[in-house]
Amino acid sequence: HIAFLEDNNLKLVPDKDWLDQLHIARQLTATQVEASHVKNSGKTKAPTLKDKSEKSIQFSYSILGAKKTNLKQEVTRAQECGLDSIHVDHFDGKLTRGKSIDCTSRIRIISDVGIPLFLHLWVKEPQESLIDKLLKAGLRPNRDKIILPYEAFSSPGQRIALIGYIKQKGLSVG
């Protein structure tokens, strides 16, 4: 079940396919925000669903456990159900203690679907060459975002320099 608060009451959505749950969540979120807006202001126009998703709740689908065989179809279906972004993990095996996952092949498969990719770099001391490799795989400037864990860097100077490089390449960074 997925749980939501609606008018201070807990609502449970029965288990269905996760994408159906996402679609239901979008509808409940819209209803909840719209109802709250009407109660609080009464006379002003309620925000659009786009406004609500940008200002409050964003949904991102992690492809960490997804199989490559139907990855593009799954991401496309998720986008059709209103997903805001795809969460992609990249592990170097150092910061993640032995677990290594190179996400470049997954990025190649899904980069043209048109939904923003949020790439979480679980990499100890990430370098500019890795950013270039990810861009070559299909990360898109002005659409995609790289998320950098604070603990990935040994010095603030290295973190600041890489953030500057990522921004220079047209990607968002967080």
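Does any residue of region 139-162 turn out to be open to solvent by 20 Å² or more (accessible area, probe 1.4 Å), part of a helix (DSSP H, G or I), in contact with a strand residue (DSSP E or B) (Cβ under 7 Å, 6 or more places away or on another chain) and closer than 10 Å to VAL88 by Cβ?
No - not one qualifying residue is present in region 139-162.
Do you know which residues across region 114-138 are in a helix (DSSP H, G or I) and touching a strand residue (DSSP E or B) at 6+ places or on another chain (Cβ under 9 Å)?
Hits for region 114-138 are LEU130, ILE131, LEU134.
For a quick check of your reading of the model, give me the residue pairs whose first member lies in region 100-116 and is under 13 Å from ASP89 (Cβ atoms), whose second is part of a loop (DSSP other than H, G, I, E, B) and modelled with pLDDT of 95 or more, with beta-carbon atoms closer than 8 Å and at least 6 apart or on different chains.
From residues that are under 13 Å from ASP89 (Cβ atoms), the pairs are ILE107/GLY138; ILE107/LEU139.
Could you check, for region 70-78, whether at least one of its residues is acidic (Asp, Glu) and at pLDDT 90 or above? If you could, list the steps in order and put the result at the bottom.
Step one: of region 70-78, the residues acidic (Asp, Glu) are 74.
From the residues that got through so far, the ones that are at pLDDT 90 or above too are none.
No, there is no match, as no residue in region 70-78 is acidic (Asp, Glu) and at pLDDT 90 or above.
Please state which one of SER105, SER111 is open to solvent by less than 30 Å² (accessible area, probe 1.4 Å) and either part of a helix (DSSP H, G or I) or at pLDDT 90 or above (or both).
SER111
Condition test on VAL123, is it of a type in the set (Val, Ile, Thr) and open to solvent by 20 Å² or more (accessible area, probe 1.4 Å)? Step through it out loud before you land on a result.
Details: of a type in the set (Val, Ile, Thr): yes; open to solvent by 20 Å² or more (accessible area, probe 1.4 Å): no.
Spelling it out, it is not the case that VAL123 is of a type in the set (Val, Ile, Thr) and open to solvent by 20 Å² or more (accessible area, probe 1.4 Å).
So in region 79-94, with the set limited to residues that are closer than 18 Å to ARG108 by Cβ and among the hydrophobic types (A, V, I, L, M, F, W, C), which one is most open to solvent (accessible area, probe 1.4 Å)?
Restricting to residues being closer than 18 Å to ARG108 by Cβ and among the hydrophobic types (A, V, I, L, M, F, W, C), the top hit is PHE91.
Of a type in the set (Val, Ile, Thr) and modelled with pLDDT under 90 - does that describe any residue in region 47-61?
Yes, some residue in region 47-61 is of a type in the set (Val, Ile, Thr) and modelled with pLDDT under 90.
The values are calculated or read from the model by the stated rules, or taken from the named source; none is laboratory data. What you see is a predicted model, and the numbers here were worked out from it, not measured in a lab. When we count neighbours, we look across all protein chains shown, and the Cβ atoms used for this are built from the backbone with ideal geometry, even at glycine. To get the accessible areas, we keep the full protein, side chains included, count just its heavy atoms, and leave off ligands, DNA and RNA. Shrake-Rupley method; radii C 1.70, N 1.55, O 1.52, S 1.80 Å.
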